[in-house]
Protein chains: 2
Amino acid sequence: MVDDRALEVLFRNARTHNLFSDKPVSDDTLRRIHEIMKWGPTSANCQPMRVVFLRSKEGKEKLAPALSPTNLDKTMKAPVTAIIAFDLRFYEHLPRMFAHNQTAKSWFEGEDKKAHAETTAFRNGSLQGAYFILAARAAGLDCGPMSGFDNAKVDAAFFPDGRFKSNFLVNLGYGEGSALMPRNPRFAFDEVCRIL
Amino acid sequence: MVDDRALEVLFRNARTHNLFSDKPVSDDTLRRIHEIMKWGPTSANCQPMRVVFLRSKEGKEKLAPALSPTNLDKTMKAPVTAIIAFDLRFYEHLPRMFAHNQTAKSWFEGEDKKAHAETTAFRNGSLQGAYFILAARAAGLDCGPMSGFDNAKVDAAFFPDGRFKSNFLVNLGYGEGSALMPRNPRFAFDEVCRIL
C-alpha cells in the first residue's frame with residue numbers, strides 16, 4: 001500500500017499547471033523522471049516512448065509554430081517542454097528487450113503488421129506518457145500536459161525521417177499555484193465502472 | 001517529492017504477475033482504485049476510460065473465447081480481470097466535465113471529427129489505463145496487464161452497441177511471487193531521451 005502523502009503528490013492534490021516559477025529544471029531532474037518511469041509496464045516490454053526535452057531558446061522556437069494560440073505563451077515561458085513521442089519501429093529492439101521470446105519482433109514486422117505496430121506504439125507510448133507525468137510529479141515537478149498543437153508540424157520539425165510520431169506535450173517546472181483553474185469534476189465509480 | 005517506499009511499490013519493485021493467491025478482491029478495493037486513478041489528468045478533462053471488472057464465473061466465461069491461448073488459463077484463475085475500454089462518445093459529457101468552455105463538445109462532435117475523437121479517446125483512455133495500473137498497485141494489488149486478446153470479440157461480447165471499445169485487459173489480485181519471470185531490461189536515458 002502507498003501512503004496518503006504520496007497519493008496526494010501524485011494524484012489527489014496534483015494539478016495541471018499553466019504558469020511556472022523561474023527556477024530552472026536540471027539535467028539531473030530530467031534524468032530522474034526517466035529513472036522512475038522506465039519501470040512502468042508495457043506490452044512485451046516494448047517501451048515505444050521517445051522524449052525530446054526542449055529547454056533552450058532554439059528548441060522552444062522550433063516548437064512554437066506548431067502550438068495552438070492558447071498554448072503558445074505558457075509553453076514559451078515554461079522552463080522545459082517535453083515532446084512525448086513514440087517509435088513506430090520499436091519492435092526492432094525486442095530481441096534485446098524481450099529476449100526470452102526471439103519471435104516477438106515478427107509480431108510487428110512487415111507491411112501487413114503496420115497498423116498493429118502503430119496501435120501498439122500509440123497505446124504503450126501513451127501508457128508511458130502517463131508514467132512520465134506521475135514520475136515528474138514524484139521528482140518534485142509540476143506538469144502541464146497538452147494536446148493542443150499540430151502533430152504533423154511537430155513531426156516535420158523534430159522527426160523528419162518519419163520513424164517517430166509526436167503524441168502529446170508536457171510543460172515542466174515548478175508551478176505558480178496562483179494561476180490554477182478551479183478543479184474540474186470527476187466521474188463517480190458507478191458512472192464509468194461495472195462489476196460483473 | 002515522493003519517498004522511495006512509494007516508488008518501490010508503484011514502479012521499481014512492482015512486477016507483472018501471472019499467478020495470484022486465492023485471496024478475493026473486494027468491491028471496496030475496486031472502488032479504491034477508481035478513487036485514486038480518477039484524479040490523473042486527461043485532455044480537456046475528457047476521462048474517456050470505462051472499466052468492466054469481471055469477477056464472477058459468468059463474466060470470466062464470457063471473456064474466455066477472446067483470449068489468446070497463452071493468456072487463457074491465468075486469466076480464468078485471476079481473482080478479477082478488468083476490461084479497460086474507452087467511450088467513443090466521451091465528448092457528450094464535456095459540458096459537465098469541462099464546464100468553463102461550453103464549446104469543447106463541438107471539437108469532437110460530428111462525422112468529420114470522428115477520427116480526431118477516436119484518437120483522443122484512445123490516447124486519454126490509455127493514459128487513464130496507466131493511472132489505473134499504478135492506482136491498483138497503490139491499493140495493495142498486483143497487476144497482470146495484457147494485450148493478447150481479440151479486441152473485436154471482446155467488443156461484440158461486452159459492448160455490442162459499438163459505443164465503447166476495448167483497449168487492454170488487466171488481471172488483478174494478490175500475486176504469487178513464485179511465478180514471476182526474470183525482469184526484462186529497460187532503455188537508458190540517452191537511448192530514448194534528448195535534451196535540446
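Figures for the structure shown
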| read-out | value |
| --- | --- |
| Relative contact order of chain A, pairs being alpha-carbon contacts under 8 Å that are 6 or more residues apart, as % | 34 percent |
| nm² value of the averaged projected area, convex hull over the Cα atoms of region A:1-77 | 7.6 nm² |
| Copies compared at residue A:152 - label distances in nm, ascending, label defined 7 Å from Cα in the Cβ direction | 2.9 |
| Taking region A:29-96 and dividing mean pair separation by its residue count, relative contact order in percent (alpha carbons under 8 Å, at least six apart) | 46 percent |
| Teacher prompt: residue A:101 distances to equivalent labels in other copies, 7 Å Cα→Cβ, nm | 4.0 |
| Region A:65-113 shape via C-alpha gyration tensor axes, a/c threshold 1.5 | prolate |
| Shape category assigned to region B:74-146 from the gyration tensor of Cα positions, a/c cut at 1.5 | prolate |
| Largest to smallest principal axis extent of the C-alpha atoms in the protein assembly as shown, angstrom | 57, 46, 44 |
| Per-copy distances of the residue A:61 label point, shortest first, in nm (7 angstrom along Cα→Cβ) | 6.8 |
| Helix-derived mean residue ellipticity, 222 nm - over chain B, DSSP H n ≥ 4, -39500 (n - 2.57), to 500 | -10500 deg cm²/dmol |
| Rounded to 10°, Cα long-axis angle of helix A:27-37 versus longest principal axis of chain A | 60 degrees |
| When region A:108-196 is reduced to its Cα atoms, the Kirkwood hydrodynamic radius in Å | 16.4 Å |
| Helix axis angle, A:114-138 relative to chain A longest principal axis, alpha carbon, degrees | 30 degrees |
| Normalised convex hull volume, region B:1-134, alpha-carbon set, Å³ per residue | 158 Å³ |
| Cβ-Cβ FRET estimate between residue A:183 and residue A:29, R0 fixed at 25 Å, reported to 0.05 | 0.45 |
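Rule-based calculations on the coordinates, nothing more; no lab input. None of these values were measured; they are calculated from a predicted model. Glycine also receives a Cβ, built like all others from the backbone with ideal geometry; neighbour counts cover every protein chain displayed.
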